[in-house]
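Scroll down for the structure; my scribbles are underneath it.
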Amino acid sequence: MTASVISAESIPRSGSATQGAIELRQVSKVYGDVVAVDQLDLTVQPGEFVTLVGPSGSGKTTTMMMVAGFEEHTACSVLIDGKPVDTLPPRDRNLGVVFQNYALFPHMSALENVEFALRMRKVPRAERRQRAEDALDRVGLGKMGDRKPRQLSGGQQQRVALARALVFNPAALLLDEPMAALDKRLREQMQEEIKTLQKSLGISVLFVTHDQDEAMAMSDRIVVMRDGKIVQSGPPEEVYNHPLTDWVASFLGDTNLIPCTVVERNGEEAVVDLGGLGLARVRDRGATGGNYAVSVRPEHLKFSSAAVASNGCAATLVSSTNLGATVRHRVTAGGHELQLRELSSDGGTRLPAEELWVSWDAEKAQLLVLES
Ligand code: ADP
Ligand code: MG
């Protein structure tokens, strides 16, 4: 296990606990005939960690650029701490920024790169040097201040960028795929460190990633974007377990989509007809539309060796594939092909000839609208 090198203790807080709110009100961006961001309403509360996820081209970077002030927007308003910042240049918005395409200056040392953020803000020279050194210390690079970016590894460069974003005690951090270039191990380490730092500073973060696991692990709230619009937003478990559409369900991971007709809706719960799988009780978040389906995640389907009374049926095993930590089973049940995932330690010994039932908990099955 690698020890965390980023420490938050030495960083003065940027102000009261009410600082760091970011608000977008009906913000749009049009490039020619492309609507990159379409009347977006988005709020990041002080201290909140909000992650934008969505396919490439869904408007995540454009949204971040408008908040940062690198890109003008077409309509309405961006507010930071309740004040409109639409006419303020980036350096006056009090936001720390780490963007993929917002690299370190190659001709400057690590220390000079961090100092630059303070120079832009007219901090006196003597104070600048000290604060930049402290910031590099904080990200574990105190001894590497003299190195140029090319003499640092990818992970170390990201730490310098983070030090540069934090050195002027910003109200909030904007991080656009900051770890995309790092390998898995280093990325996981940085995820934990950024999260620790964010919690101890109480700083708000608007984050972008294309990595679903990263979004699940780091966020207080996930905002799913498609074609410049928000399609769903909520705490990670909520969005993952209760997607409103098949598109959201599939975007956030594997799922079984079973077409259904709705028999009865009672607030949080619905009774649906799953054809060959019979009647089932499922969770209902009020999604409405043309055609309905039920989504059950592969890890929420269970095998049992005794017949199940409801929310399941007899099944035939088609195949089992060991994926290392988990085993993926394919079964047919009630005329549907379903995918089921188990931990390898639980599921390695099952034989295709076995007589099986599959079932799920009503809480883990979500009624949704088919839109894609
Ligand atoms: P994401 O970060 O989610 O991948 P972007 O915000 O980069 O998406 O892009 C959203 C849409 O806007 C895409 O269709 C993209 O092609 C378009 N776009 C982004 N920047 C520009 C630009 N400078 N000029 C023209 N179109 C752009
Ligand atoms: Mg992007």
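The values are calculated or read from the model by the stated rules, or taken from the named source; none is laboratory data. Bear in mind that the values here come from a model prediction, so they are computed numbers and not experimental data. Backbone-built Cβ (ideal geometry, glycine too); neighbour counts: all protein chains shown. The accessibility values were calculated without ligands, DNA or RNA, using every heavy atom of the protein model including side chains. Shrake-Rupley method; radii C 1.70, N 1.55, O 1.52, S 1.80 Å.
Structure notes:
- Split the accessible area of region 242-369 by element, probe 1.4 Å, and carbon with sulfur accounts for 50%.
- Which of Ala181, Gln156, Cys313, positive extreme of dipole for the chain (C-beta unit charges): Gln156
- Calculated mean residue ellipticity, 222 nm, the chain: -7000 deg cm²/dmol, from DSSP H runs (n ≥ 4) at -39500 (n - 2.57) each, averaged per residue and rounded to 500.
- Relative contact order of region 242-369, defined on C-alpha pairs under 8 angstrom at six or more residues apart (%): 31
- Evaluated at q = 0.10 Å⁻¹, a Debye calculation over the C-alpha positions of region 22-239 (equal weights, vacuum) places log10 I(q)/I(0) at -0.43.
- Residue ranges 92-99, 332-339, 111-118 sort as 111-118, 92-99, 332-339 when ordered by packing (mean number of other C-beta atoms within 10 Å per residue, highest first).
- By the Cα gyration tensor, region 177-305 has an equivalent ellipsoid whose semi-axes, rounded to whole angstrom, run 34, 16, 13 from largest to smallest.
- Accessible area of the chain divided out per residue, in Å², using a probe of 1.4 angstrom: 47
- Mean Cβ neighbour count within 10 Å, used as a protection proxy, ranking 48-60, 314-326 highest first: 48-60, 314-326
- Within the chain, DSSP assigns beta bridges of which about 75% are antiparallel (rounded to the nearest 5).
- Take every DSSP beta bridge whose two residues both sit in region 22-239; close to 50 percent of them are antiparallel.
- Evaluating kT/(6 pi eta Rh) at 10 °C and 1.306 mPa s, with the Kirkwood radius of the chain over Cα pairs in the Stokes-Einstein relation, gives 69 µm² s⁻¹.
- Region 222-372: C-alpha gyration tensor shape, a/c 1.5 cut-off, then a/b vs b/c: oblate
- FRET efficiency, 1/(1 + (r/R0)^6) with R0 22 Å, evaluated for Ala181 and Met108 via beta carbons: 0.65
- Within the accessible area of region 22-239 (1.4 Å probe), percent carbon and sulfur: 48
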